[in-house]
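**Q** Structure incoming, see below.
What follows draws every value from the coordinates through simple rules; no lab data is involved. The structure presented is a predicted model; accordingly, all values stated were derived computationally and were not measured. Every residue, glycine as well, gets a Cβ built from its backbone with ideal geometry; the counts of neighbours run over all protein chains shown.
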Amino acid sequence: MSMSSANRVPKVPTLPQGETVASYSTYLEAQKAVDYLADHQFPVQQVTIVGSDLKMVERVLRRLSYPSAAIGGFASGAWFGLFVGLILTLFSSSAAGLMIPAVLFGGAFGLLFSIITYSLTRGRRDFTSSSQIVATSYAVLCASEHAGQARQLLATVGGVVSGWPGSVPTPPPVVAPAPPLGAPPSTPTYPPTPPDRPHPPVS
């Protein structure tokens, strides 16, 4: 990471600065837009991707049971045992014979740990899932001095908008219709003045 990009990342949570040059419904589209800018020698260190209306999505992968928990635990433990065995062989050539025992021991430990964990949660969570934080829309922000260039480049990609936050259009002024040609100019009308009442005779 360069010094300029490191200084650009705030140390405390801060709202992003700049103009919205494009908006997309998925992160992959926003990522493609920034990659397009990078391919055209645009200073992408001035660009920020902002996700709005965040949601937590938990996708259920499969039903969990004792056999599936045992198989998953053995597989993860065996991978860990294989890693330990490879580390041992780097320091000693005579430890090559410990590779298979390390895999089996790791698999057995993972199987036992997985079954115990599943038995403690039996009836409350009989499934496995994967959670993600997703946004409803993704805005590509850019510094004001480079916003025009970014919009021109992203015109071929699509999704170009203007303003952060979105500018509110000003309604057109209401203009009275012009009088027809030859018509006398309109004069203001006033309510009629009430007639003077006669005063009673003075005795």
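**Q** Within 10 Å of each residue's Cβ, count the other Cβ atoms and sort K32, K55 from fewest upward.
**A** Neighbour counts put them in this order, fewest first: K55, K32.
**Q** I would also like to ask the following. Among Y138, Y36, Y118, Y66, what is the fewest-to-most ranking by other Cβ atoms within 10 Å?
**A** If I rank by nearby Cβ atoms, fewest first, I get Y66, Y36, Y118, Y138.
**Q** Above 12 Å lies some portion of the pair distances; for the stretch 65-125, what is it as a whole percent of all C-alpha pairs?
**A** 65
**Q** If you don't mind, another one. Provide L141, L112 in ascending order of the number of other Cβ atoms located within 10 Å of each residue's Cβ, fewest first.
**A** Placing the least packed residue first, the sequence is L112, L141.
**Q** Under the rule of at least 5 residues apart or a separate chain, name every residue whose amide H is placed under 5 Å from the amide H of S137.
**A** It is S52, by chain and number.
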